[in-house]
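Peer 1: Got a structure for you, questions after.
Here, each number is a calculation from the coordinates, and none is a lab measurement. Please read all numbers here as calculations on a predicted model, not as lab measurements. Cβ placement follows ideal geometry from the backbone for every residue including glycine, while neighbour counts extend to all protein chains displayed.
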Amino acid sequence: MFRRIAVYLEMVKVAHTVFALPFALTGMFLAAGETGNAYAIPARRTVFYIVLAMVGARSAAMGFNRLVDADIDARNPRTKARAIPSGQVSRPMASVFILMSVVLLELSAAKLNPLCLKLSPVLLFLLFSYSYMKRFTWASHVVLGACLGAAPAAAWIAVTGEFDARILPICFAVLFWVAGFDVLYALQDIEFDRDAGLHSIPRRLGVGPSLWIARAFHLVMAGLLLVGYHEFGLGGWYLAGIALCFGVLAYEHAIVREDDLSRLNMAFFNLNGVVSIAFCLFTYLDLVLRGVR
């Protein structure tokens, strides 16, 4: 049983939750701070259902992506060992897993507030549409960024029951952060994407220009985080978090070079996990230690 569970967890790359969940928690902390909560944490019930909704949304999206891409993954040497192409998970069982994940999201959204429930189909449409984007456009990286970028706004709505445009700079910062590291990740599959007729920025522009696009995306991310600093009246701890994140991203780009992509996985998995966790932690420290308005 535990082996089967591990297969499903690997199929949806549960370890990669570290990329999206900290930004959702950041949106939650900011929203709770705006309600006057001295510790910037909403009720435990709200935190519980936000986490469950995130698990449901991400599992549904990843499961759907693995199902839709199963035939493509089977032809790619890098991905042919994934759960569905290798036969560890059947297509019907993957469909059941996706349905269960959608139900988890919908039940969690219903427990949070009416607006969360009303917007959940829009979120699912965005999440599922990403799986088809690389068949049509190199902008698939931006669509993936939008999927994760929705997390801070979703958490804000979960806490407050309404939308506030001030959270958008944080959302767009996440969009450009994800798009940047996804461009780097796609460097692994340039030749396969070309042969399979798939689209990506690396396939369209080549390695060198793609590295500069990723750097530009991450510079835009830093600028948008500074806009968030102004919008929420944040302070030194938040700025320290931005500086740390920017330093980690600078190191990431330093170790991934046009003539040496050997440390690409380290840049993608380890360093980006540090970015999301550090940003969440320093934002929370700023809210609590400075006192929230």
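Peer 1: As an exercise, find the ratio Rg/Rh for region 175-225 from alpha-carbon atoms, using the Kirkwood inverse-distance average for Rh.
Peer 2: Ratio value, two decimals: 1.04.
Peer 1: Cα convex hull of region 196-293: mean projected area in nm², to one decimal?
Peer 2: 7.3 nm²
Peer 1: Which residues in region 89-106 place their backbone N less than 15 Å from a point set 7 Å from the Cα of ALA74 along the Cα-to-Cβ direction?
Peer 2: 89-94
Peer 1: Turning to a different aspect of this structure: Just grab the label-to-label distance for ARG257 and VAL96, each label 7 Å out from Cα along the Cβ direction, in nm (one decimal).
Peer 2: For the pair ARG257/VAL96, the computed spacing is 5.1 nm.
Peer 1: I would also like to ask the following. Arrange HIS230, HIS218, HIS199, HIS141 by Cβ neighbour counts within 10 Å, fewest through most, would you?
Peer 2: Taking fewest neighbouring Cβ atoms as first place, the list is HIS230, HIS199, HIS218, HIS141.
Peer 1: Hand me the chymotrypsin sites (Phe, Trp or Tyr not before Pro) from region 112-148 located in a DSSP loop with no more than 12 other Cβ atoms within 10 Å, in residue order please.
Peer 2: Those that pass, being in a loop and sparsely packed, are PHE136.
Peer 1: Give the distance, in whole Å, between the Cα centre of region 181-230 and the Cα centre of region 40-101.
Peer 2: Between the Cα centre of region 181-230 and that of region 40-101, the gap is 24 Å.
Peer 1: Here's something else I'd like to know. Where does the chain land at 222 nm, in deg cm²/dmol rounded to the nearest 500, when only DSSP H runs of n ≥ 4 count, each adding -39500 (n - 2.57), divided by all residues?
Peer 2: -25000 deg cm²/dmol
Peer 1: Something else now. So, by mean Cβ neighbours within 10 angstrom, what's the order for 204-210, 157-163 with the highest one leading?
Peer 2: 157-163, 204-210
Peer 1: Could I ask something else about it? Tabulate in residue order the Karplus-calculated ³J(HN,Hα) for region 46-54, using 6.51 cos²θ - 1.76 cosθ + 1.60 with θ = phi - 60°, rounded to whole Hz; enter x for Gly and Pro.
Peer 2: 5, 4, 4, 6, 5, 5, 4, 4, 4
Peer 1: Moving to a separate point now. For region 2-290, what D do you get in µm² per second when you plug the Kirkwood radius from alpha-carbon pairs into Stokes-Einstein at 37 °C and 0.692 mPa s?
Peer 2: Roughly 168 µm²/s, to the nearest whole number.
Peer 1: Determine which aspartates and glutamates satisfy two conditions relative to LYS118: a Cα distance under 20 Å, and not lying fewer than 8 residues away in the same chain.
Peer 2: GLU106, GLU162, ASP164
Peer 1: Please list, in order along region 190-201, the HN-Hα scalar couplings obtained from phi with the Karplus expression 6.51 cos²θ - 1.76 cosθ + 1.60 (θ = phi - 60°), rounded to whole Hz, x for Gly and Pro.
Peer 2: Working through the residues one at a time gives 4, 5, 5, 4, 5, 5, 8, x, 8, 10, 6, 5 Hz.
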